[in-house]
Amino acid sequence: MDVNMAVQWLFAPAQRPGRVGAEVELIPVTDAARPRPVDPALLAPGFDAGFVRAAAPSFEPGGQLELSPACRPTVGALVRDLGWMLRCAAAIASAVGVRLEAVGLNPYHSCADVPLRLRTPRYLAMQRMFDEAGPDGRRMMRLTASLQITVDLLPGRAGHEQWLVANLAGPPLAAAFANSGWVEGRPAGIAGARTRIWQNVDLRRTGYDGRHLDLLNPAGAYAAFAAAAPRLPIPEAERPSYHLSTLFPPVRPRGGYLEVRYLDAQPLRRIGEAVTTVAALLYDTRARHDALDLLLPRAGDQQRAWTEAATGFSPESDALLSIARAARPAGDSVLVSGGVS
């Protein structure tokens with residue numbers, strides 16, 4: 001299978017669309033006035049079998065804890081279950097003197113403080129390649145945390161609209177949910193410091209300038225983006241499917257669903273709002289069309305839009321949130337199978 005065929009599979013629609021999912025990343029630090037970074041080896045022994053089955057916990061290269069539960073049929077069910085998982089994770093951490101920071105960027109430490117915890121060939125090669133573009137690749141790997149939201153990809157025109165809305169909504173939603181205003185123990189000067197870091201990571205792999213987008217040919221543009229990105233110098237990267245897993249655009253097609261990657265990690269009280277907003281914009285037909293009317297005029301200026309978003313401001317944020325709120329059915333946090341065309 002070559003890259004073009006692999007990309008076509010990534011854009012294949014879900015067989016039974018309507019689910020929503022989330023991966024929640026948290027930054028563990030010691031629960032002290034002057035927190036220290038935490039090695040995953042301190043937390044992992046406290047994960048009991050029930051927690052592992054439900055939350056599928058894992059660790060990112062800098063030791064960030066990631067919870068990856070299975071998708072749910074409604075936002076309400078997902079948020080309720082995430083609340084239980086986050087409370088369990090907090091209790092496990094507290095038992096060993098650790099607290100979990102729900103922020104987009106480690107507010108206390110630098111790369112000098114946080115080593116590369118996962119020293120696999122993949123992450124070592126990635127670090128070397130990111131170093132060629134500057135220091136923000138290391139910062140991204142070791143210091144950042146996100147809330148990633150997944151939504152099933154609809155067939156045909158609706159799926160095309162979902163892809164465009166998910167991407168073009170990135171800057172206004174990243175600004176609306178900016179949660180990374182501290183760096184190395186001091187104010188960062190901008191609310192979206194994590195977004196600014198992503199802008200400075202190798203754009204050949206991240207596309208934070210819109211280079212992976214085309215309004216008429218999503219799969220073709222993404223295949224060209226993938227072909228232009230250099231492969232990691234490890235044997236696995238010769239496989240097109242593996243190479244595609246080493247690309248980190250704001251939205252990643254995953255074969256049957258879209259992975260929205262641009263939101264900072266959020267406290268529990270805002271996770272429901274964030275997931276509901278994304279699900280409403282991508283599943284509700286009217287919301288998608290209204291969002292496209294709002295966002296398409298700036299589709300060709302994604303680099304400037306992401307630069308604005310890092311400051312915590314986007315001129316479209318309020319209007320986009322209003323569109324999402326108008327799409328929410330009464331009485332639930334969004335029944336995501338509703339409004340599917």
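Observations on the structure shown:
- Positions within region 246-272 being among the small types (Gly, Ala, Ser) and in a helix (DSSP H, G or I), in sequence order: GLY272
- Candidates PRO45, PRO28, PRO35 - the one that is assigned to a helix (DSSP H, G or I) and more than 30 Å from ASP152 (Cβ to Cβ): PRO45
Listed here are the residues, each with its yes/no results for (1) open to solvent by less than 60 Å² (accessible area, probe 1.4 Å); (2) touching a residue at least 40 places away in the same chain (Cβ under 8 Å); (3) out of contact with any Phe, Trp or Tyr (no Cβ under 6 Å at 6 or more places or on another chain); (4) not in a helix (DSSP H, G or I).
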position: ASP113; (1), (2), (3), (4): no, yes, yes, yes
position: ARG119; (1), (2), (3), (4): no, no, yes, yes
position: TYR123; (1), (2), (3), (4): yes, yes, yes, no
position: GLY137; (1), (2), (3), (4): yes, yes, no, no
position: LEU154; (1), (2), (3), (4): yes, yes, yes, yes
position: GLY159; (1), (2), (3), (4): yes, yes, yes, no
position: VAL165; (1), (2), (3), (4): yes, yes, yes, no
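- Applying the set (1) touching a Ser or Thr at 6+ places or on another chain (Cβ under 9 Å); (2) surrounded by fewer than 22 Cβ atoms within 10 Å (Cβ to Cβ) to ARG87 leaves exactly one unmet item: (1).
- Of the residues making up region 48-82, those that are outside any helix (DSSP H, G or I) and among the charged types (D, E, K, R) are ASP48, GLU60, GLU66, ARG72.
- For region 209-223, a residue qualifies if it is under 15 Å from GLY170 (Cα atoms) and open to solvent by less than 10 Å² (accessible area, probe 1.4 Å), and exactly one does: HIS212.
- Residues of region 194-219 that are part of a helix (DSSP H, G or I) and touching an Asp or Glu at 6+ places or on another chain (Cβ under 9 Å): ARG194, THR195, ARG196, ILE197, TRP198, GLN199, ASN200, LEU203.
- Residue under evaluation LEU100, criteria (1) open to solvent by 30 Å² or more (accessible area, probe 1.4 Å); (2) outside any strand (DSSP E or B); (3) in contact (Cβ under 8 Å) with a residue 40 or more places away in the chain, criterion not met: (2)
- Which numbered condition ARG304 misses (of (1) within 19 Å of ASP152 (Cα to Cα); (2) open to solvent by 10 Å² or more (accessible area, probe 1.4 Å); (3) of a type in the set (Lys, Arg)): (1)
- Within region 277-294, the set of residues being open to solvent by 10 Å² or more (accessible area, probe 1.4 Å) and either among the basic types (Lys, Arg) or in a helix (DSSP H, G or I) (or both) comprises THR285, ARG286, HIS289, ASP290, LEU292, ASP293, LEU294.
- Residue pairs whose Cβ atoms lie under 8 Å apart, separated by 6 or more positions or on different chains, with the first residue in region 207-231 and under 15 Å from LEU10 (Cβ atoms) and the second among the basic types (Lys, Arg) and open to solvent by 20 Å² or more (accessible area, probe 1.4 Å), are PHE225/ARG211; ALA229/ARG204.
- Residue in region 196-204 that is within 21 Å of the chain's Cα centre (by Cα), within 19 Å of SER68 (Cα to Cα) and either crowded, with 21+ Cβ neighbours inside 10 Å or without any contact (Cβ under 8 Å) to a residue 60 or more places away in the chain (or both) present: no
- Residue list for region 314-341, filter: open to solvent by 60 Å² or more (accessible area, probe 1.4 Å), at pLDDT 95 or above and either of a type in the set (Gly, Ala, Ser) or under 28 Å from PRO187 (Cα atoms) (or both): PRO315, ASP318, SER322, ALA326
The values are calculated or read from the model by the stated rules, or taken from the named source; none is laboratory data. Since we're looking at a predicted model, the values are computed, not measured. Every residue, glycine among them, receives a Cβ derived from its backbone with ideal geometry; neighbour counts consider all protein chains shown. For the accessible areas, the whole protein counts, side chains as well, though only heavy atoms, and no ligand, DNA or RNA atoms are used. Shrake-Rupley method; radii C 1.70, N 1.55, O 1.52, S 1.80 Å.
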